[in-house]
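Below you'll find the structure, written out as structure tokens, and then a few comments.
The values are calculated or read from the model by the stated rules, or taken from the named source; none is laboratory data. Worth saying up front: this structure is predicted, and the values here are computed from it rather than measured. Reconstructed Cβ throughout: ideal geometry from the backbone, glycine too, with neighbour counts over all protein chains shown. Areas reflect the complete protein model, heavy atoms only, side chains present, ligands, DNA and RNA absent. Shrake-Rupley method; radii C 1.70, N 1.55, O 1.52, S 1.80 Å.
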Amino acid sequence: MTDETVHESQETRSRRGIASYFRRLANRLSRGEPAPADEEQTVTVTPPAESELEVEVEREDGTVTLEIDMEWDENEGTVETDVAASKATFEVYEDSAKQYRWRLRHDNGNIIADSGEGYASKQKAEQGLESVKTNAPGAYVVDKSKDDDGVVEEGGSKATFELFKDSEGKARWRLRHDNGEIIADCGQGYASKQKAKQGLQSVKTNARGAPVEEGE
């Protein structure tokens, strides 16, 4: 059988970002679900229940390399390419005040996130949603409704999901960049914290690979 490289990528990431990538793999593997090999989640692998695992730490010419290899018989697992990366679409539109906004609409029609504010130009709105694409999948989740602001779910990006209660006592979330700016908002209140967590999880899952279209 001919050898084939299905996917290969190389980039510089922070330790938090690398940890977030491995955590996403670990969560999918533990559940027996297809695990994404790339950040866009268009290439997935589903190993069998048991695989060969090889870990190697190599030091050469002042450089340390950590290699983690999994190997299994092709007939016992699956590899999928051109996977539908997202079940949502970013829509960029102009509001009644002639400002540009974006919203993330799920395939079921629900809006699962929005920009929370208007931008002076379409370019600024697109830059805002690109920041969400980059940072939402690996963002920490922090419960601001608790006195200790406890971390509900760890992650690794330049933004943090904040769970909180609004003035009406409804559960909400917002995605705050490390620079202090809120780059995404749930746009609605939820009846329970669990529903809010499910909403932000949908954004985590679908933001990265969502296409961008012109909205009305």
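Laid out as a table, the results:
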| read-out | value |
| --- | --- |
| Residues within region 165-209 that are assigned to a loop (DSSP other than H, G, I, E, B) and among the polar types (S, T, N, Q), tallied | 4 |
| From the options A125, A113, residue that is in a strand (DSSP E or B), modelled with pLDDT of 95 or more and surrounded by 11 or more Cβ atoms within 10 Å (Cβ to Cβ) | A113 |
| Meets criteria (in the same structural domain as N206 (by the TED database) and surrounded by fewer than 19 Cβ atoms within 10 Å (Cβ to Cβ)) for A97 | yes |
| Residue in region 1-40 that is surrounded by the most Cβ atoms within 10 Å (Cβ to Cβ), counting only those that are part of a loop (DSSP other than H, G, I, E, B), without any contact (Cβ under 8 Å) to a residue 60 or more places away in the chain and of a type in the set (S, T, N, Q) | S9 |
| Qualifying residue in region 147-157 (condition: open to solvent by 70 Å² or more (accessible area, probe 1.4 Å), modelled with pLDDT under 90, in a loop (DSSP other than H, G, I, E, B) and closer than 19 Å to P36 by Cβ) | yes |
| All positions within region 190-216 that are of a type in the set (K, R) and open to solvent by 40 Å² or more (accessible area, probe 1.4 Å) | K193, K195, K197, R208 |
| Test: residue in region 77-92 that is charged (D, E, K, R) and over 26 Å from T160 (Cα atoms) | yes |
| Qualifying positions in region 167-189 - open to solvent by less than 30 Å² (accessible area, probe 1.4 Å), without any contact (Cβ under 8 Å) to a residue 40 or more places away in the chain and not small (G, A, S) | W173 |
| Test result for G138, surrounded by fewer than 19 Cβ atoms within 10 Å (Cβ to Cβ) and in a loop (DSSP other than H, G, I, E, B) | no |
| V83 in a strand (DSSP E or B), modelled with pLDDT under 95, surrounded by fewer than 19 Cβ atoms within 10 Å (Cβ to Cβ) and of a type in the set (V, I, T) | no |
| So R105, is it part of a strand (DSSP E or B) and over 28 Å from A19 (Cα atoms) | yes |
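So that you can scan it fast, the table gives a plain yes or no per residue for (1) open to solvent by 40 Å² or more (accessible area, probe 1.4 Å); (2) touching a His at 6+ places or on another chain (Cβ under 9 Å); (3) part of a loop (DSSP other than H, G, I, E, B); (4) charged (D, E, K, R):
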| site | (1), (2), (3), (4) |
| --- | --- |
| E50 | yes, no, yes, yes |
| I68 | yes, no, no, no |
| T89 | no, yes, no, no |
| L129 | no, no, no, no |
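Every residue, every condition in (1) farther than 15 Å from T205 by Cα; (2) touching a Pro at 6+ places or on another chain (Cβ under 6 Å); (3) of a type in the set (S, T, N, Q); (4) in the same structural domain as L175 (by the TED database), yes or no:
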residue	(1), (2), (3), (4)
P34	no, no, no, no
E56	yes, no, no, no
I68	yes, no, no, no
E71	yes, no, no, no
N75	yes, no, yes, no
R105	no, no, no, yes
